[in-house]
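Worksheet: one structure, shown below.
The values are calculated or read from the model by the stated rules, or taken from the named source; none is laboratory data. Note that the structure is predicted; figures quoted are calculated from it, not measured. All accessible areas refer to the heavy atoms of the entire protein, side chains included, with ligands and DNA or RNA removed. Shrake-Rupley method; radii C 1.70, N 1.55, O 1.52, S 1.80 Å.
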Amino acid sequence: MKLPTSKIESRAINLLESIADKHNSIRCQFNESDNEMFWDGFIWLYETGTPEFSKSSFKYRAPVQIKGHSVSDDDIPSNDRVSFPVDLLDL
């Protein structure tokens, strides 16, 4: 069964948020169901070992474009990497 595009986007965002939540030095903000041409949100990186996100521990802000896709259970690769072709205009 083919999933709606909005559901695929939501799952991709949820996955990225869960990965960021596991790291004390990463904060993220992603927009769902947006029509922004370039960025879906940002990831902020902070120095590790600092107790809070502050200006003094800030290192980098990375804009992100989130692209998700749906595969059947039979198509899931056995390793921990998945590749997905993206148009150059989306980068």
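Cα to Cα, under 27 Å, and not fewer than 8 places away if on the same chain: which lysines meet these conditions relative to Lys59?
Of all the lysines, those that pass the test against Lys59 - Cα under 27 Å, at least 8 places apart if same chain - are Lys22, Lys67.
At a probe radius of 1.4 Å, what is the per-residue accessible area of Ser70, in Å² to the nearest 10?
Rounded to the nearest 10, that gives 60 Å².
Using θ = phi - 60° and the Karplus form 6.51 cos²θ - 1.76 cosθ + 1.60, what ³J(HN,Hα) does each residue of the stretch 47-56 get, whole Hz, x for Gly and Pro?
4, 6, x, 8, x, 8, 7, 9, 4, 6
In square nanometres and to one decimal, what's the mean projected area of the convex hull around the Cα atoms of the stretch 1-52?
Its Cα hull, projected and averaged over all orientations, spans 4.4 nm².
Which ³J(HN,Hα) values, rounded to whole Hz and listed in residue order, are derived for the stretch 3-20 from phi using the Karplus coefficients 6.51, -1.76 and 1.60 in 6.51 cos²θ - 1.76 cosθ + 1.60 with θ = phi - 60°, glycine and proline given as x?
Along the stretch 3-20, the couplings run 7, x, 4, 5, 6, 5, 4, 4, 5, 5, 5, 4, 5, 5, 5, 5, 5, 5 Hz.
Using modelled backbone amide H atoms (1.01 Å from N, in-plane), which distant-in-sequence or interchain residues come within less than 5 Å of Gln65's amide H?
Asp40
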